[in-house]
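Some notes on the structure that comes next.
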Amino acid sequence: MILTTEVSGLEAMPRNFLQRCFSDWIEKNHSSFSRRPVGVRYRRGGVSFRLDGLPKAVVIYINSGGASVAYEEDGDTLDLLMCFDMDEQKGGDGYYRCGFCVMHAPSLAVAYADRKKLWEMEVFAPLMEWIGQSLSDGHEIQVERLGGITMVQVRPINLDLK
């Protein structure tokens, strides 16, 4: 297995559907990531990991609500860089759909024959694409603080200013 698993006090193997689904998908797609996932942890029914070459403050979480890319300091989430929300629904026709897609753009909502494909296409693949576009070497993470407010953004590096 390519990935390292760091789990304190828990089995080092994925245990629920979402963890197994992610584990299978990442094993098949790890070479497609522009930055290698590292420190994969299976806990509390979800998954967390970091990306090689980025500050340890950038953490990706996957749980039943989808995926989020967080910026953390001292265990606190200061801001979310991106979210890929999921509302998994199984219709009376036996097909799986994202409930948010059905609610906001019903004619564009894709029906998947299996639950695993729903997660792969609606959460994991868009996450991987966003990582490739937004967390590449041509981008930087900017942290701005104003009083008690912190804003974190990913921006293209402006080579004209450097």
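Scanning the stretch 31-44 for residues that are under 14 Å from residue 127 (Cα atoms) and surrounded by 14 or more Cβ atoms within 10 Å (Cβ to Cβ) turns up 33, 34, 35, 36, 37.
Residue count for the stretch 45-85 under the criterion of being loosely packed, with under 15 Cβ neighbours inside 10 Å, of a type in the set (Asp, Glu) and part of a strand (DSSP E or B): the result is 3.
Residues in the stretch 137-152 that are surrounded by fewer than 10 Cβ atoms within 10 Å (Cβ to Cβ) and closer than 10 Å to residue 78 by Cα: 149 alone. Within the stretch 115-122, is there a residue that is assigned to a loop (DSSP other than H, G, I, E, B) and either touching a residue at least 24 places away in the same chain (Cβ under 8 Å) or out of contact with any Leu (no Cβ under 6 Å at 6 or more places or on another chain) (or both)? No, there is no match, as no residue in the stretch 115-122 is assigned to a loop (DSSP other than H, G, I, E, B) and either touching a residue at least 24 places away in the same chain (Cβ under 8 Å) or out of contact with any Leu (no Cβ under 6 Å at 6 or more places or on another chain) (or both).
No lab work stands behind these numbers, since they all come straight from the coordinates. Since we're looking at a predicted model, the values are computed, not measured. FYI the Cβ positions are ideal-geometry reconstructions off the backbone, even for glycines, and counts take in every protein chain you see.
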